[in-house]
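*Asks:* Before anything else, here's the structure in question.
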Amino acid sequence: MNSQVESVAAKMPSPSVEAARLRKLQLVGILCGFGAGAWLGAAEAPTKLVKLGVSPLVVSLLMVVGVFLARWSLPALIRGTGQMRADIRQAPHLIVWGVLAGCLWAVANTLTIFAIRDIGLSIAFPLWNINSLLGIFWGYLLFNELRNAGKLRWLTVLGGALLMFAGATLLAVASSTQSPAEHPLRGILAALGAGVLWGTMYVPYRKAYLTGMNPLSFIAFFTIGELGMMLTLALVYGGGPDALYHQLELARPVLFWLMLGGFVWVIGDLFQQYAAKYIGISRGIPLSNTNQLWGLLWGILVFGELRGLSGSLYAQVIGGSLLMAAGAGAIALSSVTGKEHARWKQAADREGRRYRVDADYVQAGLLGNDASNTIGQTGEPPSRSSRTWLDGLLVIIATTVFVTLAVLARAPNLALNWPALIALAAAMLIFLLACGLALWKITRFN
């Protein structure tokens, strides 16, 4: 009996090893939060094509098709579908939660297309980013985030989120004087509705990651809800199959760009998922909402949304941007304490008991280890599983679709600032390399 106890104890990390591991995971989560902001901000740029007469429903549907291809090919490339099946065996209930989250995303994304069409990218972004405040609320209420964190960390997280919201509001006021909107109230309501849906969507995220599921597995099920809901919306509100087919024919020259927007969004969302996993939704979601700053840069520098306006309005834009940056910095500096992480464990244990998930699986997920293989919990990342023919097939299909559409694509008839576009794209690639290397070195993408 004593030998069995000693064996179990030997598998568990010492307090010092676990504390060092958690510090590394928090740094990865913060980096991924900022990386998510850069990529999510860029993903909305292709939706400017709604100005060319493409239906918002078609724009959203094509983005979701690009998302679908990316959400299955990227996990197959990075981790392999074999470990995805292992996650299903451990936590099958999360398939339902993943599909539900995908449905919420599809509706929210469609609302953002209408918002961008009616009030512009630089105004719509700050309005739907109220999801930061909802993320803090749900994280505290349901998952013990910020419990026992101390007054200072409460102040920095909540104060940082309020600073970001104030900065976003200032940006909206400044940019509201741009090209007149035909339906400003409708656009504002659409953007706010998207924010509420996205803020609620993060509840399934957190349930999945407290239980131990890998983000690469969760996003694959997430996209089933996305595609199903978006196709339903397009058919119901687009006039039926014939009308939808006609609209797709009209959008043929820009299919590649819209699907590319979905692919870019998946990379940003993947970083957001890891941020939510390792620093919680109360911190990870506000950090990823720095996409407001990136969306503003794309709107102003690349598309010239505020061109020709007064210097005072540009001063407001700069002031709002600085407020958002200060809020993001405050949240990034608010690390998770040992006491707060203990409350996370309580929430994770509760989720595990509720759905009868193996306790070792849950513990491995909290430490960023391979939760599908619970042998040994030393804090060291496991090796990657072997690939199968299915993984290669998924990657080939996605690559073939994008290459084919790229050959057929036409450059959109938009006035673009190419030097600014190249500079922003280079910054995104830097974040991609930094986040990817950090995730590989510390977690092997677990």
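*Asks:* Under 6 Å between Cβ atoms, which residue pairs at least 6 apart in sequence (or on different chains) link something in segment 249-274 that is in contact (Cβ under 8 Å) with a residue 60 or more places away in the chain with a partner that is among the charged types (D, E, K, R) and open to solvent by less than 20 Å² (accessible area, probe 1.4 Å)?
*Replies:* Qualifying pairs under 6 Å: V266/R71.
*Asks:* Moving on. If L152 satisfies all but one of (1) at pLDDT 80 or above; (2) more than 21 Å from L322 (Cβ to Cβ); (3) crowded, with 23+ Cβ neighbours inside 10 Å, what's the number of the condition it fails?
*Replies:* Answer for L152: the failing condition is (3).
*Asks:* Could you check how many residues of segment 403-415 are open to solvent by less than 50 Å² (accessible area, probe 1.4 Å) and hydrophobic (A, V, I, L, M, F, W, C)? Can you show your working first?
*Replies:* Just the residues of segment 403-415 that are open to solvent by less than 50 Å² (accessible area, probe 1.4 Å), to begin with: 405-406, 409, 412.
Remaining after also requiring hydrophobic (A, V, I, L, M, F, W, C): 405-406, 409.
Qualifying residue count, segment 403-415: 3.
*Asks:* Quick one: is G187 within 19 Å of the chain's Cα centre (by Cα), part of a helix (DSSP H, G or I) and either modelled with pLDDT of 85 or more or closer than 20 Å to E305 by Cβ (or both)?
*Replies:* Working: within 19 Å of the chain's Cα centre (by Cα): no; part of a helix (DSSP H, G or I): yes; either modelled with pLDDT of 85 or more or closer than 20 Å to E305 by Cβ (or both): yes.
For G187, the condition - within 19 Å of the chain's Cα centre (by Cα), part of a helix (DSSP H, G or I) and either modelled with pLDDT of 85 or more or closer than 20 Å to E305 by Cβ (or both) - is not met.
*Asks:* Let me ask you something else. Which members of segment 71-115 meet the condition of being within 30 Å of A191 (Cβ to Cβ) and among the small types (G, A, S)? Steps first, please.
*Replies:* Within segment 71-115, the subset within 30 Å of A191 (Cβ to Cβ) is 71-72, 74, 94, 96-115.
Correct list: G98, A101, G102, A106, A108, A115.
*Asks:* Any residue in segment 422-440 that is over 17 Å from D269 (Cβ atoms) and free of Cβ contacts under 8 Å to residues at least 40 places away in the same chain sitting within a Cβ distance under 7 Å of a residue that is in a helix (DSSP H, G or I) and not acidic (D, E)? List the pairs, counting only those 6 or more apart or interchain.
*Replies:* From residues that are over 17 Å from D269 (Cβ atoms) and free of Cβ contacts under 8 Å to residues at least 40 places away in the same chain, there are no pairs.
*Asks:* To continue, here is another question. Does any residue of segment 318-332 turn out to be at pLDDT 80 or above and under 24 Å from L74 (Cα atoms)?
*Replies:* no
*Asks:* Then there's this: Taking the conditions exactly as written (more than 14 Å from R89 (Cβ to Cβ) and at pLDDT 85 or above), does T400 satisfy them or not?
*Replies:* Details: more than 14 Å from R89 (Cβ to Cβ): yes; at pLDDT 85 or above: yes.
So T400 passes the test.
*Asks:* Now for a different question. Any residue at all in segment 379-397 that's at pLDDT below 85, basic (K, R) and open to solvent by 30 Å² or more (accessible area, probe 1.4 Å)?
*Replies:* yes
*Asks:* Further, regarding this structure: Somewhere in segment 108-129, is a residue in a helix (DSSP H, G or I), under 20 Å from the mean Cα position of the chain (by Cα), surrounded by fewer than 23 Cβ atoms within 10 Å (Cβ to Cβ) and β-branched (V, I, T)?
*Replies:* Within segment 108-129, none of the residues are in a helix (DSSP H, G or I), under 20 Å from the mean Cα position of the chain (by Cα), surrounded by fewer than 23 Cβ atoms within 10 Å (Cβ to Cβ) and β-branched (V, I, T).
*Asks:* While we're here: Under the condition of being of a type in the set (S, T, Y) and open to solvent by 20 Å² or more (accessible area, probe 1.4 Å), which residue from segment 12-52 is modelled with the lowest pLDDT?
*Replies:* Among them, the one singled out is S14.
*Asks:* Tell me, which residue of segment 53-83 that is assigned to a loop (DSSP other than H, G, I, E, B) and within 18 Å of V254 (Cβ to Cβ) is most open to solvent (accessible area, probe 1.4 Å)? Let's see the steps before the verdict.
*Replies:* Narrowing segment 53-83 to residues assigned to a loop (DSSP other than H, G, I, E, B): 53-55, 79-80.
Now drop any that are not within 18 Å of V254 (Cβ to Cβ), which leaves 53-55.
Details: G53: 67, V54: 24, S55: 31 Å².
Filtering segment 53-83 for residues that are assigned to a loop (DSSP other than H, G, I, E, B) and within 18 Å of V254 (Cβ to Cβ), the one most open to solvent (accessible area, probe 1.4 Å) comes out as G53.
*Asks:* Now for a different question. State the number of residues belonging to segment 208-258 that are in a helix (DSSP H, G or I) and over 30 Å from N446 (Cβ atoms). Please lay out each step first, then the result.
*Replies:* First pass over segment 208-258, keeping only residues in a helix (DSSP H, G or I): 208-211, 215-237, 241-250, 252-258.
Keeping just the survivors that are over 30 Å from N446 (Cβ atoms) gives 231-237, 241-250, 252-258.
Number satisfying all stated conditions: 24.
*Asks:* Would you mind stating whether L424 is at pLDDT 85 or above, in a helix (DSSP H, G or I) and buried (at least 17 other Cβ atoms within 10 Å of the Cβ)?
*Replies:* Working: at pLDDT 85 or above: yes; in a helix (DSSP H, G or I): yes; buried (at least 17 other Cβ atoms within 10 Å of the Cβ): yes.
Criteria met by L424.
*Asks:* Within segment 85-92, is there a residue that is modelled with pLDDT of 80 or more and either among the β-branched types (V, I, T) or within 20 Å of the chain's Cα centre (by Cα) (or both)?
*Replies:* Yes - at least one qualifying residue is present in segment 85-92.
The values are calculated or read from the model by the stated rules, or taken from the named source; none is laboratory data. Quantities reported herein were computed from a predicted structural model and do not represent experimental measurements. Note that each Cβ is placed from the backbone with ideal geometry, even for glycine, and that neighbours are counted across all protein chains shown. Accessible surface is based on the protein model in full, side chains and every heavy atom, while ligands, DNA and RNA are left aside. Shrake-Rupley method; radii C 1.70, N 1.55, O 1.52, S 1.80 Å.
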